[in-house]
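S.K.: Before I ask anything, here is the structure I am working with.
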Amino acid sequence: MSTRSVEHVISGERRSTDGPAIEITDPATGGVIAVVHAAGTAELEETVAAATQAHESWSQMSLSKRSAVLFAFRHLVSTRRAELAELISAEHGKTLDDAQGEITRGLENIDFACGIGQHLQGSYADQVSTGVDVYAYREALGVVAGITPFNFPVMVPLWMAPIAIAAGNAFILKPSERDPSASLLLADLWAEAGLPAGVFSVLHGGPDLVNGILDHPGIAAVSFVGSTPIAKHVYQRASANGKRVQALGGAKNHAVIMPDADITEAADHLVAAGFGSAGQRCMAISAVVTVGTAEETAPLVKAIAERGRSVVVGPYTDARSEMGPVITPQAAERIRSIVATAESEGAEIVLDGRDLTVPGYEGGNFIGPTLVDNVPVTSTAYTEEIFGPVLVVLRAADLDEALEIVNANPYGNGAAIFTSSGGAARRFQREVQSGMVGINVPIPVPAGSFSFGGRKDSLFGDTHIYGREGLNFYTRAKAITSRWPSSAARPAASLAFPSENQS
């Protein structure tokens with residue numbers, strides 16, 4: 001039986017290459033399900049050339065026609081969501097419900113992009129000086145690229161491409177080589193919606209292709225979502241080449257649980273936020289900071305463990321599964337190693353999923369829900385992003401200490417507080433050093449009309465992704481000062497610096 005080949009999309013056409021082969025495996029079985037041959041320099045050059053040409057005509061198309069394409073694309077994504085979810089789950093391993101949720105959040109970003117006619121409205125100032133008017137608007141950058149992670153193969157590309165394209169850019173997507181097939185269906189849906197060939201392209205590959213994108217003079221901007229070391233590399237290399245860059249890195253998202261919180265509700269949300277998608281979310285809660293004495297916080301730890309034990313782990317093809325495998329055997333082994341190190345450092349393993357085996361799927365990358373209590377702030381289990389179904393519990397005497405713990409962490413993506421006190425919540429939201437904050441909400445991902453991004457080592461660059469900040473990232477401002485004097489009243493030129501006070 002031949003292995004399915006995953007193609008590239010260049011100038012509107014699907015293409016194969018003779019580049020190095022990258023195997024795509026099913027995380028639930030460990031078996032190879034497809035192969036993609038990496039794009040090389042020739043393919044990148046051809047793609048950028050086609051995108052440059054496509055941008056010239058696309059950017060001149062009226063906003064109403066661009067909006068029509070966006071509305072058509074949104075309809076197609078919505079109607080084909082079951083097919084998209086199947087592609088996501090087959091290569092990522094997440095459940096179908098989880099994949100459907102990812103698509104729903106992606107649709108919010110298309111919704112925002114559909115309003116491009118309103119978002120790109122400029123400003124006008126009449127008669128700033130006698131007979132002189134000033135107006136400003138925003139223009140597309142040209143060819144832009146997105147480098148996206150394995151954990152959200154549809155949602156993250158939809159954080160980028162719809163807004164970039166609606167604004168008049170041509171977009172090149174470099175998806176993760178772990179689960180690339182959904183990107184091809186997105187390309188098909190863009191074409192079916194009426195997007196001209198070359199405006200949306202897909203290239204697959206590894207580090208060589210990424211560096212080629214970062215170095216290419218024909219690419220004006222790069223958006224990236226992934227780990228902090230790679231985000232830092234992307235930001236430094238692309239910036240050195242004169243590109244705009246927004247690079248979103250890793251996270252260690254905290255949930256602070258106050259003594260007055262509803263323990264049952266908090267535990268339920270923490271299990272969902274920590275173990276959903278096997279913890280492979282950049283906004284997953286991975287650190288729980290309990291506030292109070294050991295006696296006060298013990299019921300919460302017990303409740304998390306009890307709820308965690310009930311989570312059904314298995315392949316996405318089993319409708320009973322609530323959580324799937326992690327992406328690779330290497331990821332699973334790293335998670336086991338970090339938990340073992342925490343245990344050797346004195347932490348207590350309250351719930352241990354390291355040796356979980358799913359019958360019939362012994363070759364899969366399964367890790368069960370894991371809860372580690374009394375973790376010191378110096379432990380690797382706390383200082384590093386685990387990116388797996390592991391919750392670590394730290395203790396704080398009061399909100400002051402809890403804020404100190406959260407703010408001392410090098411990451412600043414998201415943080416949440418569970419409390420019934422408005423005063424505690426307000427203080428937390430004002431003092432916590434995170435880009436996104438939840439109040440009794442464990443995963444505070446902003447709606448599509450806002451923007452997503454963190455602080456510190458979770459974000460490199462000045463702008464957050466999607467929403468208004470995303471639109472500003474993919475466009476640049478232009479201001480025009482104009483005068484149309486009549487021949488009878490043509491003003492004399494002056495060597496003095498012009499000002500609005502001049503008549």
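The values are calculated or read from the model by the stated rules, or taken from the named source; none is laboratory data. It should be emphasised that the depicted structure is a prediction, and the values quoted were computed from it without experimental measurement. A quick note on method: Cβ atoms are made from the backbone with ideal geometry, for glycine too, and the neighbour counts reach across all protein chains shown. Accessible surface areas use protein heavy atoms only, side chains included; no ligands, DNA or RNA. Shrake-Rupley method; radii C 1.70, N 1.55, O 1.52, S 1.80 Å.
S.K.: For the pair Ser449 and Asn407, what calculated FRET efficiency results from E = 1/(1 + (r/R0)^6), where r is the Cβ-Cβ distance and R0 = 22 Å, to the nearest 0.05?
M.R.: On the way: r = 28 Å, r/R0 = 1.28.
The value I calculate is 0.20.
S.K.: Right, something else. Under the rule of at least 5 residues apart or a separate chain, name every residue whose amide H is placed under 5 Å from the amide H of Val350.
M.R.: Leu371, Val372, Asp373
S.K.: What is the extension gain from Ala493 to Ser62, computed as 0.36 nm multiplied by their sequence separation minus the C-alpha to C-alpha distance, in nm to one decimal?
M.R.: On the way: separation 431, 0.36 × 431 = 155.16 nm, distance 3.74 nm.
My answer for the length gained is 151.4 nm.
S.K.: Give a residue-ordered list of calculated ³J(HN,Hα) values for the range 227-234 (Karplus: 6.51 cos²θ - 1.76 cosθ + 1.60, θ = phi - 60°; whole Hz; x for Gly, Pro).
M.R.: Here the 3J(HN,Hα) series is 6, 4, x, 6, 4, 5, 4, 4 Hz.
S.K.: Using the heavy atoms of the protein chains and a 1.4 angstrom probe, tell me the accessible area per residue for the range 379-484 in square angstrom. Numbers along the way, then the final one.
M.R.: Values: 4360 Å² over 106 residues.
On a per-residue basis, 41 Å².
S.K.: Using a 1.4 Å probe on the protein heavy atoms, what percent of the accessible area of the range 354-503 belongs to carbon and sulfur?
M.R.: About 51 percent, which is the carbon plus sulfur part of the accessible surface.
S.K.: Taking amide H positions as placed 1.01 Å from N in the peptide plane, with prolines and chain starts having none, which residues 5 or more places from Ile22, or on another chain, fall under 5 Å of its amide H?
M.R.: The list, which skips near neighbours in sequence, is Val36, His37, Ala38.
S.K.: Related question: If I model a spin label at Ser123 and Arg309 as a point 7 Å from the Cα along the Cα→Cβ vector, what separation in nanometres do I get?
M.R.: Result for the modelled spin labels: 6.1 nm.
S.K.: Here is a further query. Tell me, what is the 1.4 Å probe accessible area of Glu177, in Å² to the nearest 10?
M.R.: Near enough 50 Å² of accessible area.
S.K.: Of Lys174/Lys232; Lys94/Lys252; Lys456/Lys478; Lys65/Lys243; Lys94/Lys456; Lys232/Lys478, which pairs sit farther than 27 Å apart, going by alpha carbon to alpha carbon? Don't skip to the end; give the middle numbers.
M.R.: On the way: Lys174/Lys232 17 Å; Lys94/Lys252 21 Å; Lys456/Lys478 31 Å; Lys65/Lys243 29 Å; Lys94/Lys456 29 Å; Lys232/Lys478 30 Å.
Flagged as over cut-off: Lys456/Lys478; Lys65/Lys243; Lys94/Lys456; Lys232/Lys478.
S.K.: Give the label of the value calculated from the structure for Rg and Dmax of the Cα atoms in Å, choosing from (1) 25.1, 91; (2) 22.0, 75; (3) 21.3, 67.
M.R.: (1)
S.K.: Also: Could you order Lys252, Lys232, Lys65 so the one with the most accessible surface comes first? Probe is 1.4 Å.
M.R.: From most accessible down to least: Lys65, Lys232, Lys252.
S.K.: Could I ask something else about it? Could you give the length gained by full extension between Phe71 and Val32, i.e. 0.36 nm per residue of separation minus their alpha carbon distance, to one decimal place? It would help to have the intermediate numbers written out before the result.
M.R.: Details: separation 39, 0.36 × 39 = 14.04 nm, distance 3.66 nm.
Full-extension gain reported as 10.4 nm.
S.K.: Hey, rough spin-label estimate for Val134 and Ser486, points 7 angstrom out along Cα→Cβ, what's it come to in nanometres?
M.R.: Here the answer is 2.6 nm between the modelled labels.
S.K.: Could you tell me which of Gly115, Ala381, His269 has its Cα farthest along the dipole of the chain towards the positive end, charges placed at Cβ (Lys, Arg +1; Asp, Glu -1), taken about the Cα centre?
M.R.: The one lying farthest along the dipole's positive direction is Gly115.
S.K.: Please work out how much length the chain gains when fully extended from Thr293 to Ala340, using 0.36 nm per residue of separation minus the C-alpha to C-alpha distance, in nm with one decimal. If you can, show how the numbers build up before the last one.
M.R.: Working: separation 47, 0.36 × 47 = 16.92 nm, distance 2.64 nm.
Taking Thr293 through Ala340 to full extension adds about 14.3 nm, to one decimal.
S.K.: I've got another one for you. With θ set to phi - 60°, apply the Karplus curve 6.51 cos²θ - 1.76 cosθ + 1.60 along the range 320-331 and write out the HN-Hα couplings as whole Hz, x wherever there is a Gly or Pro.
M.R.: Per residue, the Karplus-derived 3J(HN,Hα) values read 7, 5, 9, 8, x, x, 7, 6, 9, x, 5, 5 Hz.
S.K.: Another question, then. In sequence order, what are the phi-derived ³J(HN,Hα) couplings for the range 14-24 according to the Karplus relation 6.51 cos²θ - 1.76 cosθ + 1.60 with θ = phi - 60°, rounded to whole Hz, with x for glycine and proline?
M.R.: Running phi through 6.51 cos²θ - 1.76 cosθ + 1.60 with θ = phi - 60° gives 6, 9, 9, 10, 9, x, x, 7, 10, 7, 10 Hz.
S.K.: Under a 5 Å amide H to amide H cut-off, with H placed in plane at 1.01 Å, what residues pair with Phe152 once short-range neighbours are removed?
M.R.: Sorted by chain and number, the residues that satisfy this come to none at all.
S.K.: Just to make sure I understand: if all protein chains stay in place, what is the order of Glu91, Glu401 by accessible area at 1.4 Å, largest first?
M.R.: Working: Glu91 5, Glu401 65 Å².
Of Glu91, Glu401, the descending order of accessible area is Glu401, Glu91.
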